[in-house]
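Below is one structure, written out as structure tokens; the observations come after it.
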Amino acid sequence: MRPANGLESLDELIADLGGGASAGTQSSGPCKLLLEHLRSARTSFLGSMPGEYRSSLEEACESAACITDRTRQNALKQRLKRMIGD
């Protein structure tokens, strides 16, 4: 895991989906579960829990189906897969 890049990437993804980075913030809309997985990944990243981080990213990838625009959905999945590989 690359600390700055991983955290910045997660924050960008969360912001792009309309969510705040705070775990206490309730998500709404069709991508609620995706946002929750990304926030969980962020928490795991900050807590130096690589197994949980990876698992949350994998779950986020599966939850990307909430994005109806296929191009945007595929771009998100590719980005998450790159983060899982780091």
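Of note:
- Residue check for GLU62: in a helix (DSSP H, G or I), within 17 Å of ALA15 (Cα to Cα), in contact with a helix residue (DSSP H, G or I) (Cβ under 9 Å, 6 or more places away or on another chain) and not β-branched (Val, Ile, Thr): no
- Residue count for region 55-86, restricted to those that are surrounded by 13 or more Cβ atoms within 10 Å (Cβ to Cβ) and among the hydroxyl-bearing types (Ser, Thr, Tyr): 3
- Enumeration of residues in region 1-56 that are small (Gly, Ala, Ser), under 21 Å from ASP69 (Cα atoms) and modelled with pLDDT of 90 or more: SER9, ALA15
- When the test is whether a residue is crowded, with 16+ Cβ neighbours inside 10 Å and of a type in the set (D, E, K, R), GLU52 does not pass it.
The values are calculated or read from the model by the stated rules, or taken from the named source; none is laboratory data. Computed from a predicted structure; not experimentally measured. Here Cβ is always computed from backbone atoms with ideal geometry, including for glycine, and neighbour counts include all displayed protein chains.
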